[in-house]
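Chemist: Below you'll find the structure I mean.
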Amino acid sequence: MKSPLEILQQYFGYDNFRLEQANAVENVIAKKDTFVLMPTGGGKSLCYQVPALILDGTAIVISPLIALMKDQVDALRVNGISASYINSSMSVYEQNETLNQLKNGQLKLLYVAPEKLSSDNGAFLKLLNEVNISLFAVDEAHCVSHWGHDFRPDYLFLNGLKKQFPEVPIIALTASADEITRKDIIKQLNLQNPLVLISSFDRANIKYFVQPKQSVFQNIIQYLNEHPNDSGIIYCLSRKGTEEMSNNLRENGINSAFYHAGISSLERAKVQEDFLKDKTRVMVATIAFGMGIDKSNVRFVMHADLPKNIESYYQETGRAGRDGLQSEAILFYSFADVIKLRRFAMIEGNEEQSELMLKKLKQMSDFAEMQKCRRQYLMEYFGEKHDGNCNSCDFCLSEFETWDATTDSQKLLSAIFRLKERYGKNLIIDFLRGSKSVKITDFMRSLPTYGIGNNQDKNYWQNLIRQLLLNGFLSESNEEFSVLKLNEESKLVLFKDKKVTFRKVKEQAKAVIVAE
Ligand code: ADP
Ligand code: ZN
């Protein structure tokens, strides 16, 4: 029997396994269940393709991406591996032919869409009982979990696999799972004592930038003009947004196309193909675009609107730089987007799900607002340690000066204190700035703190409040209208003269001005 490494070299032409591939392969060959969490582009496919060539029988690969099955299978065939796929886009005749090959034991790998398992009253599952199956690979495994960001009901049928085929190892693979989702995948698929392999999520060749969402279009045009040879993806929240952006780009002479779930599947396939073949330079898309896209030379991924959570952000930015060359991820951030997405989250799903979505949204906005290495934040989100100072995110590349905010913080906190912790930030700021607004009562005007903050503008105070909240010097209530509350730290600042210092950007690193 050939070793995994020999198979890798002989069939795939690679010298070495990378990340956790070797461990995954070993475990599957030992017929044990395996859970693989690996970033997009990490090389998940080989984790089941190599075992499929070593074990007897046919590997059944469940993949939701019909468009990609063909590419995967073609690539395997080019390498001399007998592989095929079955999905609803094929004629009955073609499907039967493939099923015959399966029955005759002629296939090393068979790719199927998840709905195949549930369709025709489980006819396919019955057929599987009659063939020798080497392993089940569940690709994009987060689709089985409600906690993931892309739940697909068809995946639920997969929870019967283990019962029906207790002897067959299952390998679940995903690029996208936090701890709750990870546990849920293992539970939903009934994995028995699985080996859990988590590869580093650090994509060293991607630089991360967050920029204020202002003059977005001009910024993008400037960027594209400064990087004339680079191709990339711009994500927008709405279908209409993608069309407008793409049309605008075209009017400015940029070769671009838009992609969203509202265009016909024929058109989508064409748009995607043109992008993959470098005929389209810029793809403006909703999140419908890109799952599993293997275009190696995506040099930038921009988010014109805020993603809903870190998983999506990470997965979408992860489409940049799959060839290992320097690439950039640029997020245009505004708090208005957070408010918009909050509204969506509140009406989507049940109460528990809404709450989780809100929590994830908060983590996303924290990422954009925090004064911290972006890479460190991402790594810690996925449960990895990182020392910061990555030297390749806007925070690490910017120049800072120390900002002693003690006196202004004291003014702000004492205003909150004087107003008995009953108001939200807008009123507090109006009060501090000595506004003549009708909301400021005569009583409020009579207080000594009224107007003591009129040396700074509204933005300044908003920013200070945000920094105090983020750094635990201030709290807010979780009511419909958030009310600012003092906490122990606030009291130390207010009554014990505790110093409050932040870092203030002296010179902001921007994606558009970073030299290649
Ligand atoms: P994923 O499914 O994790 O996004 P793929 O399995 O599509 O990633 O692999 C991404 C790319 O990396 C592919 O082009 C693949 O051929 C390549 N690759 C995978 N493993 C290796 C390896 N051990 N050595 C070199 N290239 C690899
Ligand atoms: Zn950094």
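Chemist: Which percent, to the nearest 5, of DSSP beta bridges fully inside the chain are antiparallel?
Modeler: Restricted to the chain, the bridges split so that about 15 percent are antiparallel.
Chemist: Which aspartates and glutamates have a Cα less than 17 Å from the Cα of Lys491, not counting those fewer than 8 places away in the same chain?
Modeler: Filter leaves Asp408, Glu421, Glu476.
Chemist: Further question: Averaging sequence separations of C-alpha pairs under 8 Å and six or more residues apart, then dividing by the length of the stretch 27-138, give the relative contact order as a whole percent.
Modeler: 38 percent
Chemist: If the cut-off is a Cα-Cα distance under 27 Å, which lysines reach Lys498, setting aside same-chain residues fewer than 8 apart in sequence?
Modeler: Cα-Cα hits under 27 Å: Lys372, Lys411, Lys420, Lys425, Lys458, Lys485, Lys506.
Chemist: Moving to a separate point now. If we count other beta carbons within 10 Å of each Cβ, what is the order of Ser482, Ser199, fewest first?
Modeler: Ser482, Ser199
Chemist: Separation between the Asn426 and Glu244 pseudo-spin-labels, each 7 Å from Cα along Cα→Cβ, expressed in nm?
Modeler: The two pseudo-label positions are separated by 2.3 nm.
Chemist: Follow-up question, since we're still on this one. Quick one: angle between helix 92-103 and the longest Cα principal axis of the chain, in degrees between 0 and 90, rounded to 10, please.
Modeler: Here the helix axis deviates by roughly 70 degrees.
Chemist: Taking 8 Å as the Cα distance limit and 6 or more residues as the minimum spacing, I'd like the relative contact order of the stretch 399-516 as a percentage.
Modeler: Relative contact order of the stretch 399-516: 40 percent.
Chemist: Sorted by average packing, counted as other Cβ atoms within 10 angstrom per residue and highest first, what order do 255-267, 164-176, 464-476 take?
Modeler: Averaged packing, sorted descending, gives the order 164-176, 464-476, 255-267.
Chemist: In whole Å, what is the distance between the alpha-carbon centres of the stretch 175-248 and the stretch 447-516?
Modeler: 29 Å
Chemist: Taking the Cα centre of the chain as origin, sum charge times position over the Cβ atoms of Lys and Arg (+1) and Asp and Glu (-1), and report the length of that vector in debye to the nearest 20. Mind dumping the intermediate values first?
Modeler: Details: 63 positive and 64 negative charges, 258 e Å.
Result for the chain is approximately 1240 debye, rounded to the nearest 20.
Chemist: Highest first, please rank the peptides 127-136, 301-310 by the mean number of other Cβ atoms sitting within 10 Å of their residues.
Modeler: Result, highest mean first: 301-310, 127-136.
Chemist: Could you please report the charge total around Lys458, scoring K, R as +1 and D, E as -1 over all other residues with beta-carbon less than 12 angstrom from its beta-carbon?
Modeler: Around Lys458, the surrounding residues sum to 0.
Chemist: Further, regarding this structure: Treat each spin label as a single point 7 Å out from the Cα along the C-beta direction, and report the Lys32 to Asn16 distance in nm.
Modeler: If labels sit at Lys32 and Asn16, their model points lie 2.4 nm apart.
Chemist: Let me check I've understood the local charge: for Asn27, count other residues with C-beta under 11 angstrom from its C-beta, Lys and Arg +1, Asp and Glu -1. What total comes out?
Modeler: Computed value for this residue: -1.
Chemist: Ok, one more. Before anything else, pin down the relative contact order of the chain: Cα pairs under 8 Å, at least 6 apart, normalised by residue count, whole percent.
Modeler: Working: 875 pairs, mean separation 63.5, N = 516.
Worked out over the chain, it gives 12 percent.
Chemist: Can you sort Lys491, Lys277 from fewest to most other Cβ atoms within 10 Å of each residue's own Cβ?
Modeler: Neighbour counts put them in this order, fewest first: Lys277, Lys491.
Chemist: Give the order of Arg203, Arg422, Arg239 when sorted by the count of other beta carbons within 10 angstrom, beginning with the fewest.
Modeler: On the way: Arg203 23, Arg422 11, Arg239 17.
Least to most surrounded, the residues fall as Arg422, Arg239, Arg203.
Chemist: Go through Lys360/Lys499; Lys270/Lys308; Lys44/Lys126; Lys70/Lys116 and tell me which ones have a Cα-Cα distance over 20 Å in this structure.
Modeler: From the list (Lys360/Lys499; Lys270/Lys308; Lys44/Lys126; Lys70/Lys116), the Cα-Cα distance tops 20 Å for Lys360/Lys499; Lys270/Lys308; Lys44/Lys126.
Chemist: Separate question: In a shell of Cβ-Cβ distance under 10 Å around Asn219, excluding Asn219 itself, what net charge do Lys and Arg (+1) and Asp and Glu (-1) give?
Modeler: On the way: positive: Lys213, Lys510; negative: none.
Charge balance in the 10 Å sphere: +2.
Chemist: Report the FRET efficiency, 1/(1 + (r/R0)^6), for Lys70 and Phe495, where r is their Cβ-Cβ distance and R0 is 56 Å, rounded to 0.05. The partial results should precede the final answer.
Modeler: Numbers: r = 69 Å, r/R0 = 1.23.
For R0 = 56 Å, the calculated efficiency reads 0.25.
Chemist: Leaving out same-chain residues fewer than 8 places away, which aspartates and glutamates sit with a Cα under 14 Å from that of Lys496?
Modeler: Excluding near neighbours in sequence, the set is Glu488.
The numbers here are math on the coordinates, done by the rules we state, and not lab data. Please read these numbers as outputs of a predicted model, since none were measured by experiment. We place every Cβ from the backbone using ideal geometry, glycine too, and count neighbours over all the protein chains shown.
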